[in-house]
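Take a look at the structure set out below.
The values are calculated or read from the model by the stated rules, or taken from the named source; none is laboratory data. Predicted, not measured: the structure shown is a model, and the values here were computed from it. FYI the Cβ positions are ideal-geometry reconstructions off the backbone, even for glycines, and counts take in every protein chain you see.
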Amino acid sequence: MTDSEVDIINEDDGEAEKDIVQIIEAVLFSAGRPLTVPEIEEAIGIPRTEVREAVKKLRRMYQNRKSALEINKIGRKYSLQLSQEYNQYGMKLMDEDISKPILKTAALIAYYQPVKQSELKKMVGDQVYDHVDKLQGMDLILVERDGRTYSIRTSPKFQEYFGLEAKDRNELKKIMAKRAGLN
């Protein structure tokens, strides 16, 4: 085999890897929700080990360039989303699944969790019941009976839904307070 034939083979390998990275980027963009490696594998029919490597490479690519987008890892899932720095600009034009008042209630729950619904009512008012119903219906919070009231905390889906990569509860509190304009 000549040197030029080896170069062509190496170029083909690079192109194939590049294509896989771009395919995964397209899948993450289109999904609109965080995906696990097995979900990506199933969607594109590429072996899991190759998917893992391509996701790592894609994350590095986004980290190395100046972009308003990032590949975020949330638990065992990956998502393509706006970076925290640019989130406020994108949120202005996004369709609102959650209204600003409900977002503030969600931020308060994240900040004070576990919080009693009676305490939340003092902060939010009577609409707290509708907000809790909406958030619970979206599986974003967990509600447990606590005497004559309820104790409320965020669910595992909460961070995934909001695309948060908080390492601990305090970081989650800060991020949600900023998003809801409570700072």
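Would you be able to tell me the number of residues in segment 38-51 that are closer than 26 Å to Phe158 by Cβ and either basic (Lys, Arg) or touching a residue at least 40 places away in the same chain (Cβ under 8 Å) (or both)? Of the residues in that region, 0 qualify. Name the residues in segment 135-154 that are surrounded by 13 or more Cβ atoms within 10 Å (Cβ to Cβ) and farther than 21 Å from Lys173 by Cβ, would you? Hit for segment 135-154 is Thr149, nothing else. For Asn87, are the conditions met, namely being at pLDDT below 90 and in a helix (DSSP H, G or I)? Yes: the conditions hold for Asn87. Would segment 121-130 turn up any residue that is surrounded by fewer than 20 Cβ atoms within 10 Å (Cβ to Cβ), in contact with a strand residue (DSSP E or B) (Cβ under 7 Å, 6 or more places away or on another chain), on the phi < 0 side of the Ramachandran plot and polar (S, T, N, Q)? Looking through segment 121-130, none of the residues is surrounded by fewer than 20 Cβ atoms within 10 Å (Cβ to Cβ), in contact with a strand residue (DSSP E or B) (Cβ under 7 Å, 6 or more places away or on another chain), on the phi < 0 side of the Ramachandran plot and polar (S, T, N, Q). Being out of contact with any helix residue (DSSP H, G or I) (no Cβ under 7 Å at 6 or more places or on another chain) and surrounded by 16 or more Cβ atoms within 10 Å (Cβ to Cβ) holds for only one residue in Leu58, Leu28, and it is Leu28.
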